[in-house]
1. May I ask you to list the residues in the range 278-297 that are touching a residue at least 40 places away in the same chain (Cβ under 8 Å) and farther than 26 Å from F112 by Cβ?
2. If you go through the range 95-115, how many residues are in a strand (DSSP E or B) and open to solvent by 40 Å² or more (accessible area, probe 1.4 Å)?
3. Being open to solvent by 50 Å² or more (accessible area, probe 1.4 Å), touching a strand residue (DSSP E or B) at 6+ places or on another chain (Cβ under 6 Å) and under 15 Å from A318 (Cα atoms) is true for just one of R208, R229. Which residue is that?
4. In the range 153-172, which residue that is open to solvent by 30 Å² or more (accessible area, probe 1.4 Å) and under 26 Å from S205 (Cβ atoms) is nearest to the chain's Cα centre (by Cα)?
5. Enumerate the pairs (first residue in the range 298-321 and free of Cβ contacts under 8 Å to residues at least 40 places away in the same chain and within 11 Å of E207 (Cα to Cα); second residue anywhere and open to solvent by 30 Å² or more (accessible area, probe 1.4 Å) and in a strand (DSSP E or B)) with beta-carbon separation below 7 Å, excluding pairs fewer than 6 apart on the same chain, so at least 6 apart or on different chains.
6. Among the residues of the range 1-30, what is the count of those that are closer than 14 Å to A304 by Cα and touching an Asp or Glu at 6+ places or on another chain (Cβ under 9 Å)?
7. E331 is checked against (1) assigned to a helix (DSSP H, G or I); (2) of a type outside the set (A, V, I, L, M, F, W, C); (3) touching a Ser or Thr at 6+ places or on another chain (Cβ under 8 Å); (4) open to solvent by 70 Å² or more (accessible area, probe 1.4 Å) and fails just one. What number does that condition carry?
8. Does the range 306-315 include one or more residues that are more than 34 Å from the chain's Cα centre (by Cα) and open to solvent by 30 Å² or more (accessible area, probe 1.4 Å)?
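The values are calculated or read from the model by the stated rules, or taken from the named source; none is laboratory data. Note that the structure is a prediction, hence the values are computed from the model and not measured. Quick reminder, even Gly has a Cβ in these numbers, built from the backbone with ideal geometry, and neighbours come from all protein chains shown. Quick note on the areas: whole protein, heavy atoms, side chains included, nothing else; ligands and nucleic acids left out. Shrake-Rupley method; radii C 1.70, N 1.55, O 1.52, S 1.80 Å.
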Amino acid sequence: PGADAFRLYDTYGFPLDLTQDMARERGMSVDVAGFDAAMAQQKETARAAGKFGGGTVLPAELVAQLTPTKFLGYESLAAGGLQVIALLKDGKPVDAIDAGDEAIVILDATPFYAESGGQVGDTGELDEQGVRFVVDDTMKLAGQFHGHVGTLSAGTLKKGDRVLGSVDAARRGATILNHSATHLLHAALRSVLGTHVQQKGSLVSPERLRFDFSHFQAVSAEELRRIERLVNEQVRANALAEIREMDYESAVASGAMALFGEKYESKVRVLRIGEFSTELCGGTHVARAGDIGYFKIVSEGGVAAGVRRIEAVTGQGALDVADANENVLREISQVVRGTREDVAAKVRDALERIRQLEKENRTLKDKLASGKGSDLAAGAVEVGGTQVVATQVEGADAGALRNAVDQLKERLKSAVIVLASVEASGKVVIVAGVTADRTSKVKAGELVASIASVVGGKGGGRPDFAQAGGTDASRLADALAGVLPFVRTKLL
């Protein structure tokens, strides 16, 4: 079901394409239409549940009365004399708001960018003579108005008042680095992976950028390295980021790419970064590519069938990631007593030693279980001509228990065997085996499921072999004590 596939994706981060792959391996399919419907519903719910009235719909009569907000943010981060043309509290128009009220303020003009095209909305303040409105977000309302979402922290704000709007410059500055970088990233992806790459979505925030694009397979480490280097080459080239306004047809004819999810007016803005990238974009951007400073990819993965996602950071955020990576490398070098030049070899050697020790440990555990096999066989109880063994084996893991069960079945010929152990983590492991001559009456899967429930677990398997786990080691003795009664009811 699409709802289940969406829950895997939304709650656990499990990509749709992997769910589809695993379903196909089992002769199943995924209801993609249902997945898409669940995705759309989740987005709508998220908008409607916004803390400050997200999902607000302006009444038609109010829209008819208002003049669309004029955006001043391309030229300035602050502007005075901005008139309050509407106030919304709890999603409804009001004439005034008081200190402590959460509301949406609509102005006739604003330097605040409203979330669109993947770029998050600006934050900042609206102030005037003892009045202070803290803007936590800026959203587009009815496609024409900039809604300043936030809380009035001081004074009373009335419809018709004029205020000074000041955008959080540091936050906007970090955001535009990431936004301009998405355009360079898009061009780099098409250069390295092919011109089939198209933007399928994006999020540009002060902390990082997220870019979804069409591609038929995972991007290799070498391809990611080439993409990252290509973007940084453009950053170092420091080309001018030119923005021109022109009609849509002329822009597309000039080679500008229209981006996924955007709705364009007859007049559009065209962002050109040197000879490398030319795209339509209404967002805010750097003056030159070099302002980005440094570009670093932090992750790549699938989000849907045929859609990949890259997350990256720029500027100080990229330097912070580089510092963190350096610290990790330094710490690993110290742990393996190496240098950054030989740390990879040292780690490989350490892993090889671990694998060898694990192999030796497995051999020792098998010998331990095998050595105890004779003692376990001697302690078997006969029920209806069948030897029954139910006991705990100290120090044995699941593999050793399975080997011991096989050995006991061979030795006892006609038997029902249940062996259990408690791992270092406190988890209970139970393994059951039934010889072929008794599987018609005693099913290993039923037996192990019955006793596993006593230790807070579950399990199952074939009639001749089954395995289970549990979490309550204190009840293991009680669980094993139930084996003989279970067998007696089946054989006698």
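1. If we filter the range 278-297 for residues that are touching a residue at least 40 places away in the same chain (Cβ under 8 Å), which is where we start, we get 279, 281-297.
Hits for the range 278-297 are G290, Y294, F295, K296, I297.
2. Initial filter on the range 95-115 (in a strand (DSSP E or B)): 96-98, 102-107, 109-110.
Next cut, open to solvent by 40 Å² or more (accessible area, probe 1.4 Å) only: 96, 98, 102.
The total comes to 3.
3. On the way: R229 fails: touching a strand residue (DSSP E or B) at 6+ places or on another chain (Cβ under 6 Å).
That would be R208, the only listed residue that is open to solvent by 50 Å² or more (accessible area, probe 1.4 Å), touching a strand residue (DSSP E or B) at 6+ places or on another chain (Cβ under 6 Å) and under 15 Å from A318 (Cα atoms).
4. Taking the range 153-172 and keeping what is open to solvent by 30 Å² or more (accessible area, probe 1.4 Å), we get 153-156, 158-162, 164, 166, 168-171.
Those left that are additionally under 26 Å from S205 (Cβ atoms): 153, 164, 166, 168-171.
Details: S153: 35, L164: 39, S166: 33, D168: 28, A169: 29, A170: 27, R171: 23 Å.
It comes out as R171.
5. Here the result reads A318/K296, each pair linking the range 298-321 to a residue that is open to solvent by 30 Å² or more (accessible area, probe 1.4 Å) and in a strand (DSSP E or B).
6. 5
7. Here E331 meets the rest and fails (3).
8. From the range 306-315, those more than 34 Å from the chain's Cα centre (by Cα) are none; that's our starting set.
There is no residue in the range 306-315 that is more than 34 Å from the chain's Cα centre (by Cα) and open to solvent by 30 Å² or more (accessible area, probe 1.4 Å).
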